[in-house]
Amino acid sequence: MNVLIVEDDDGVAEALERTLVAHGYGTHRVGTGAEALDRLGEEQLVLLDLGLPDLDGFEVCRRMRKASCVPVIALSGRSRELDRVLALHLGADDFVAKPFSRYELVARIEAVLRRAAGCVRHGTAPAAETVPDATAPSATSPGCGSGPGARRAGPDPLEAGPLRVDPRTRKVFVRGQEVRITRKEFDLLLLLMREPGTVMERQEIMSRVWDENWFGSSRTLDVHVRSLRGKLGDRQWIETIRGVGYRLAVPATAQA
């Protein structure tokens, strides 16, 4: 398992390298956003410092997520809620505020990799989840979904009113129009879609989408719900049950 370290501070980068190597990871270091984007696809996880000398770290994160589903952990000395929310909204899988302990970082890396195990693009998917087609070319399109040259085993699409979620291609459609969402947002929406109308407790959602090893605040769930509501075009798609959790509900406007 190789990790791309995007960090312009040599001292911090060397410390990250020592920690990762000690835990069995291979590493490659770059100091700019341009270099990181050039190497996209070479490693299976990215540690991205948001304070880069050439490109804004948030923009680098956005471009990475647009081109690939490689797991990205944002690192920053800026720990304001706005910075965390923006990084997650732009596609980061986790946000770690500096300073942090090496044990926490490694635990977060392992948790992110477990959650990303179903993505075929960055090479961490179990072999049993991909069914090769010897008569067709390999998929070459970016993102989490497989292209026309590969078939993946998986459940049929789920529908609720005009909302359609396809677990096999990890695509979401509203009235036939594709809606681009992040991997975490998809996992959250899929969980709610599997039991439409059923109230799911916050803790259950956190453990199933972020797993029991999540170290962050449960406010992360609220951030993702708010983002999903905006992208789906109606906040009523995900109903808040105060003091309990959330449930999927088809808005009255969507039923008309």
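Hand me the trypsin sites (Lys or Arg not before Pro) from the stretch 19-75 located in a DSSP loop with no more than 14 other Cβ atoms within 10 Å, in residue order please.
Filter output for the stretch 19-75: Arg39.
Pairs of Cα atoms under 8 Å, at least six residues apart: use those to get the relative contact order of the stretch 69-110, whole percent.
45
Over the stretch 156-252, give the accessible area per residue in Å² for a 1.4 Å probe, as an integer.
Heavy-atom accessible area per residue stands at 50 Å².
Net charge within 10 Å of Asp49 by Cβ-Cβ distance, Lys/Arg positive one each and Asp/Glu negative one each, not counting Asp49 itself?
Counting the neighbours of Asp49, the net charge comes to -2.
Residue by residue through the stretch 74-82, which ³J(HN,Hα) values in whole Hz follow from phi under the Karplus form 6.51 cos²θ - 1.76 cosθ + 1.60 (θ = phi - 60°), with glycine and proline marked x?
7, 10, 7, x, 8, 10, 5, 4, 4
Per residue, how much accessible area does the stretch 1-116 have with a 1.4 Å probe, in Å²?
Averaged over the residues of the stretch 1-116, the accessible area is 42 Å².
Would you work out what percent of the accessible area of the stretch 156-252, with all protein chains in place, is carbon or sulfur (probe 1.4 Å)?
Looking at the stretch 156-252 in its full context, I get 43 percent from C and S.
The values are calculated or read from the model by the stated rules, or taken from the named source; none is laboratory data. Computed from a predicted structure; not experimentally measured. Here Cβ is always computed from backbone atoms with ideal geometry, including for glycine, and neighbour counts include all displayed protein chains. Quick note on the areas: whole protein, heavy atoms, side chains included, nothing else; ligands and nucleic acids left out. Shrake-Rupley method; radii C 1.70, N 1.55, O 1.52, S 1.80 Å.
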